[in-house]
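The values are calculated or read from the model by the stated rules, or taken from the named source; none is laboratory data. Keep in mind that what you see is a predicted model, and the values were worked out from it rather than measured. Cβ sites come from the backbone with ideal geometry, for glycine too, and all protein chains shown count toward neighbours. The area values use the complete protein model at the heavy-atom level, side chains included, leaving out ligands, DNA and RNA. Shrake-Rupley method; radii C 1.70, N 1.55, O 1.52, S 1.80 Å.
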Amino acid sequence: MKVVRKNAKGESRELLLKEYFLNAYLIAALKRMGDEVARHTRRAPEPQPVRVRAGS
């Protein structure tokens, strides 16, 4: 179903909905990409020395 009504600026509602969903998709994709980059750039914890006993 297409809505052909236009607002005061002359934009159709269909165009506005497409723009809204495109923006929502891009924001979600950028957030996901940022999360993945953060996950891959975290430093591994420094290994801690372990005391080893000599065998008896």
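Taken over segment 15-56, the residue count meeting the criterion of being over 30 Å from Arg5 (Cα atoms) and among the hydroxyl-bearing types (Ser, Thr, Tyr) is 2.
One line per residue, one yes/no per condition, for (1) open to solvent by less than 70 Å² (accessible area, probe 1.4 Å); (2) touching a His at 6+ places or on another chain (Cβ under 9 Å); (3) aliphatic (A, V, I, L, M); (4) outside any helix (DSSP H, G or I):
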position	(1), (2), (3), (4)
Lys9	no, no, no, yes
Ala28	yes, no, yes, no
Ala38	yes, no, yes, no
Val50	no, no, yes, yes
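Checked against (1) part of a loop (DSSP other than H, G, I, E, B); (2) surrounded by 10 or more Cβ atoms within 10 Å (Cβ to Cβ), Ala54 passes all but a single condition, namely (2).
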